[in-house]
Amino acid sequence: AAVWAAVASWVAAIGAIVAFRDRDLVQLGGVELTFEVVYVPVGVFFFLFFFGHLRPWRSGRTMWVDKLCIHQTREDLKIAGVSCVPEFVANSRNLVILWNRTYFERLWCICEVATFTASKGGAQSVNFEPLWRAPWVLSMILVDLVCISVSMKFMFLIPLASTFVQDIIGLTDAPMINLLGAILGVGSAFGIGYIPALVPNYISFRFKIASHERVKKQVSGFRLADTKCTVESDRKIVQGHIQRLFKKYDDESAEASIEHFNEYIRNEFLDTMAARLGPITYINYQHSMLAILPLIFSSVSDILGCDGGDCVESAAMTGFDDPYLYILSNALSWTIGCVLVYPTTYPVMLRGMCWFRGMRFERVGCALVVVCAYMYMGLVEGAVMGLVTNAMTIGGTGWNVSLGSFVLILTLWNRFLFRK
């Protein structure tokens, strides 16, 4: 709901801006639109994210959250709530595991898993949500607001890069100068502008990698006897409950029933969990898109604002005779970037950090990977921008095929990075 509301406010802001200018997009050149199309929609997102549950017209699923629904201070209510855990879990359609490093060490958490999987005939309706993900997404949305502003201040590097390619390297072919200038300029701007994102990505992804490794190790070697509980007298109750759930034969011993459960967790449950979580380098495409939400919103500010200058002048500087064609070129570049380039930053970052895992200079290497991942994002988007500009200003089979081939490569690259 928060995402859809933010997108709706973003679209409404665009419509209002265009209508206010009598639908003449060229008039918007040089106009600062960041507040209307970035800060307001992001503000709507955070408002609904934190307070959306208070809206009177809300509707949705009913959830039972053990930590919130079982009284934590009054002992009599706590005992009553704990005793009803099997009934609550058995009557639920889905089980969402908010897992961290200690989840599979907690006896009552394992009791919920045992009850749900036994009553539903497996773990097909179990969803695994790592606790690192939400703070990472929210922090990245906030940091992205800062990084966008910083990156835009360094976009002056694009013409400087073009001058460098022409004067220092000695390249004289205008289309190639535009292409390489865009690649180097945008890459440098994003690499510098996204330095503030170093810390949250470094902390979150290192925690993700360590948690992923630990939880798979815990589950693969799971033993109910190794779990912990605050009140040791609860252990006998929980073990008796699990014994009854996983007892295969009437004359089977308690130890054998518990071992059936241990084997189930170490094999079938682990297979389901691994399939849902994916490899250690996997990150969901939707979450990657959500992390760059402000960057996506800022595209309109850049497109309609004509890169911060007069639309006619900005168009002429990049080889366009028609400012509307220049605006269309910017829109196409941003669309390709938002769909196929920017989201790939995070799986690339994760793969790089995993590569440095266990090395002597792991921390320094992981920090450099974060910076280089954003530079990679800028370099690839610069290539897109240069190819789109040359295809629309020069045309010809060569540039059109180059652009189409590059988009195809990006599509295949996305399929590779975001597969489980």
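Quick notes on this structure:
- For the options Arg214, Arg235, Arg74, a Gaussian network treatment of the chain with springs between C-alpha atoms closer than 10 Å singles out Arg74 as fluctuating the most.
- For region 355-391, trypsin sites (Lys or Arg not before Pro) meeting the loop criterion (DSSP other than H, G, I, E, B) and having at most 11 other Cβ atoms within 10 Å: Arg360.
- Each of Val199, Met349, Val96 was scored by the projection of its Cα onto the charge dipole of the chain, and the greatest displacement toward the positive side belongs to Val96; charges sit on the C-beta of Lys, Arg, Asp and Glu.
- Low-density loop cleavage sites - GluC sites (Glu not before Pro) in region 199-272, where at most 15 other Cβ are within 10 Å (DSSP): Glu232, Glu252
- The alpha carbon centroids of region 242-316 and region 343-420 are separated by 21 Å.
- Links that overshoot a 30 Å alpha carbon limit, given the list Lys67/Lys236; Lys217/Lys248; Lys236/Lys420; Lys67/Lys248; Lys216/Lys236: Lys236/Lys420; Lys67/Lys248
- Total charge dipole magnitude, the chain, about the Cα centre, Cβ charges on Lys, Arg, Asp, Glu only, Debye to nearest 20: 1480 debye
- Note on the chain: dipole from Cβ charges, positive end direction compared against Thr389, Cys338, Val18; the farthest Cα belongs to Cys338.
- Ranked by how many other beta carbons lie within 10 Å on average, peptides 366-373, 195-202 from highest: 366-373, 195-202
- Checking every one of the chymotrypsin sites (Phe, Trp or Tyr not before Pro) in region 304-403 against DSSP loop status and a limit of 13 other Cβ atoms within 10 Å picks out Phe361.
- With the alpha-carbon atoms of the chain aligned to their principal axes, the span from lowest to highest coordinate is 86, 52, 35 Å, starting with the largest.
- Rel. contact order, % - alpha carbon contacts under 8 angstrom, at least six apart, the chain: 22 percent
- In this calculation the C-beta distance from Ala12 to Ala134 is compared with R0 = 35 Å, giving a FRET efficiency of 0.85.
- For the chain, the cysteines with no partner cysteine C-beta closer than 4.7 Å are Cys69, Cys84, Cys109, Cys111, Cys147, Cys229, Cys338, Cys354, Cys366, Cys372.
- Accessible surface of region 79-236 [probe 1.4 Å, protein heavy atoms]: carbon and sulfur percent: 63 percent
- Taking every DSSP helix (H) stretch of at least 4 residues in the chain, weighting each as -39,500 (n - 2.57) and dividing the sum by the residue count yields a mean residue ellipticity at 222 nm of -20500 deg cm²/dmol.
- Farthest toward the positive end of the dipole of the chain, out of Gly52, Ile258, Ala114, is the Cα of Ile258, where the dipole comes from beta carbon charges about the Cα centre.
The values are calculated or read from the model by the stated rules, or taken from the named source; none is laboratory data. No experiment lies behind these values; they were computed from the predicted model shown. Every residue, glycine as well, gets a Cβ built from its backbone with ideal geometry; the counts of neighbours run over all protein chains shown. Quick note on the areas: whole protein, heavy atoms, side chains included, nothing else; ligands and nucleic acids left out. Shrake-Rupley method; radii C 1.70, N 1.55, O 1.52, S 1.80 Å.
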